[in-house]
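Visitor: I'd like to ask some things about the structure below.
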Amino acid sequence: MQLHDTRTRSTSTFVPAATVRLYVCGITPYDSAHLGHAFTYTVFDVLIRHLEAKGHRVRYVRNVTDLDDDILRTAAARDVNFEVLARTEAAAFDTNLRRLGLRDADVIPYATETVPAMIPMVQGLLDRELAYQLPDGRVYADTGQMEGFLSFSRLDRETALEQFAEKGGDPDAAGKNDPLDFLLWQPSAPGEPGWVTPWGDPSITGRPGWHLECSVMAMEHLGNVIDIHGGGNDLIFPHHEAEILQSEGLTGQGPFAGVWMHVGMVALEDVKMSKSLGNLVFLGDLLDRYSPWAVRHLLLRNHYRSGWTYTEESMMASAEAAAALESAPAGDAGRADALRDAVAKRLDDDLDTPAALALIDDAVADGDGDAARRAAELLGYAA
Ligand code: ZN
């Protein structure tokens, strides 16, 4: 099949191994799943179904970032233990993904569980002089020493600095070699979880940086190099750029991921949905009102690489299309195999779900309900 790779900015043939190793960046669980999450994970659900329908196995790892500034801040504000908060929200999130009919990940690693594997990684980067430590317990990646910094995101330095600051980097922190050096390890504040490290002052406990967490969780469960790494396109920089630099820098093996797949952002009234802006459409609310297939139809009528805007009208249109699929008469069942093949062919073309859905909707319009429903299974339809 053809897949677009963010790293090369080109679409080329992806030859899947017998078992495809897939890592998708998971959630930071301190709030409910919204449509942006649903879009990202539904895209990878379709990819998995498609690969499995072609006879491959997929080992799917989706992490839970249960250890970061947002979780700790929210837990403190709500006066709950951060692990209780994370586990509760992650369980609610998984429930909604299952309601939507998404296949479970094979492994759902939690950052807190993987810290023992993160410590040797930081030590390894220090040993290779790709990282440096400050007396207060911070350890930074030394981006000036890392080959190809900014070649993944292809950002100019000024834009990189802007995005770095916006996304919680710390360009102005004292003691850094370069403002864009990213945090690998930081001292824990009083009351925060902390781990003892083999480097630095033994009285200072610390915790990992976010980028490091994903590299280690991917490598722990899938190996030093993986086939496909995915996530929202807001993660390209600095998160995924950092993952590549530190993973390849440590192991000397690469590319860290054969293909990088990035999913577009969902907006509401033309503004990207985000927790900080509060302009969210929650997946659970939509599933209370519409069938799983109606919500899938809404999501998959957009190509995964495009951003799109949610409107009530588009939801209604997808609800109508879903009802039409359910109620379409059996029609010409002899058409089923050809339609399934045609839909699979569209998915082979960089997961062109809008074209695949159009074929299904056309078959419904022609009154060939059985063929349409069978083909729709490739996109996750369940009767
Ligand atoms: Zn990640």
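The values are calculated or read from the model by the stated rules, or taken from the named source; none is laboratory data. A quick note: this is a predicted structure, and the numbers were derived from the prediction, not measured. Here the Cβ positions follow ideal geometry from the backbone for every residue, glycine too, while neighbour counts run over all protein chains shown. The protein model used for the area step is the full one, side chains on, heavy atoms only, and it has no ligands, DNA or RNA in it. Shrake-Rupley method; radii C 1.70, N 1.55, O 1.52, S 1.80 Å.
Visitor: If you place +1 on the Cβ of every Lys and Arg and -1 on the Cβ of every Asp and Glu, how big does the dipole about the Cα centre of the range 126-176 come out, in debye to the nearest 20?
Guide: About 80 debye.
Visitor: Right, here's the next one. Using per-residue counts of other Cβ atoms within 10 Å, averaged over each peptide, order 274-285, 114-125 from highest down. All intermediate terms of the calculation are to be shown ahead of the outcome.
Guide: Numbers: 274-285: 14.7, 114-125: 18.7.
So the peptides 274-285, 114-125, ranked by packing, come out 114-125, 274-285.
Visitor: Residue-wise, which Karplus ³J(HN,Hα) couplings in Hz belong to the range 346-360, taking 6.51 cos²θ - 1.76 cosθ + 1.60, θ = phi - 60°, and x for glycine or proline?
Guide: Coupling constants for the range 346-360: 5, 5, 4, 8, 6, 6, 7, 5, x, 5, 5, 5, 4, 4, 5 Hz.
Visitor: Would you mind pulling out the separation of the Cα centroids of the range 284-317 and the range 208-231, in Å?
Guide: Answer, in whole Å: 30.
Visitor: Using alpha-carbon positions, what is the distance between the centroids of the range 41-73 and the range 130-174, in Å?
Guide: Answer, in whole Å: 27.
Visitor: I want the local charge near Ala33. Using Cβ-Cβ distances under 12 Å, sum +1 for each Lys or Arg and -1 for each Asp or Glu among the other residues.
Guide: Taking every Cβ under 12 Å from that of Ala33, the sum is -1.
Visitor: Then there is this: Quick one: with all protein chains in place, what share of the accessible area of the chain is carbon or sulfur, to the nearest percent (1.4 Å probe)?
Guide: 49 percent
Visitor: Convex hull over the Cα atoms of the range 17-267, averaged projected area in nm²? Mind showing how you got there, number by number?
Guide: Values: hull surface 53.8 nm².
Averaging across all directions leaves 13.4 nm² for the Cα convex hull.
Visitor: Placing +1 at every Lys and Arg Cβ and -1 at every Asp and Glu Cβ, with all other atoms neutral, what dipole size does the chain have around its Cα centre, in debye to the nearest 20?
Guide: The calculated dipole for the chain is roughly 740 debye.
Visitor: Which Cα, out of Ile108, Val216, Ile27, lies furthest along the positive dipole direction of the chain (beta carbon charges, K/R +1, D/E -1)?
Guide: Highest projection toward the positive end goes to Ile108.
Visitor: Hey, with R₀ at 25 Å, roughly what FRET efficiency would Arg9 and Asp234 work out to, going by the Cβ-Cβ distance, to 0.05?
Guide: Values: r = 17 Å, r/R0 = 0.70.
So, using R0 = 25 Å, E works out to roughly 0.90.
Visitor: In nanometres, what is the gap between the two model label sites at Ile204 and Leu277, each 7 Å from Cα along Cα-to-Cβ?
Guide: 3.8 nm
Visitor: Report the extension gain between Ala358 and Asn224 in nm, rounded to one decimal, defined as 0.36 nm multiplied by the number of residues separating them, less their alpha carbon distance.
Guide: Details: separation 134, 0.36 × 134 = 48.24 nm, distance 3.92 nm.
Full extension from Ala358 to Asn224 adds 44.3 nm.
Visitor: Another question about this same structure. Report the label-to-label distance for Trp195 and Asp366 in nanometres (one decimal), using points 7 Å from each Cα along the Cα→Cβ vector.
Guide: Label at Trp195, label at Asp366, 5.6 nm between them.
Visitor: Counting helices only, and only those DSSP H runs with n ≥ 4, report the 222 nm mean residue ellipticity of the chain as the sum of -39,500 (n - 2.57) divided by its residues, in deg cm²/dmol to the nearest 500.
Guide: -13500 deg cm²/dmol
Visitor: Let me ask something additional. From the residues His240, Leu325, Leu183, which one has its Cα farthest along the dipole of the chain in the positive direction, the dipole being from +1 and -1 charges on Cβ of Lys/Arg and Asp/Glu about the Cα centre?
Guide: Leu325
Visitor: In the chain, with Lys and Arg counted as +1 and Asp and Glu as -1 at Cβ, which of these residues, Leu125, Gly252, Met146, has the Cα nearest the positive end of the dipole, that is, farthest along it?
Guide: Gly252
Visitor: Let me ask you something else. Grab the Cα-Cα distance for Ala174 and Ser314, subtract it from 0.36 nm times how many residues apart they are, and report the gain in nm with one decimal.
Guide: Length gained, Ala174 through Ser314: 45.5 nm.
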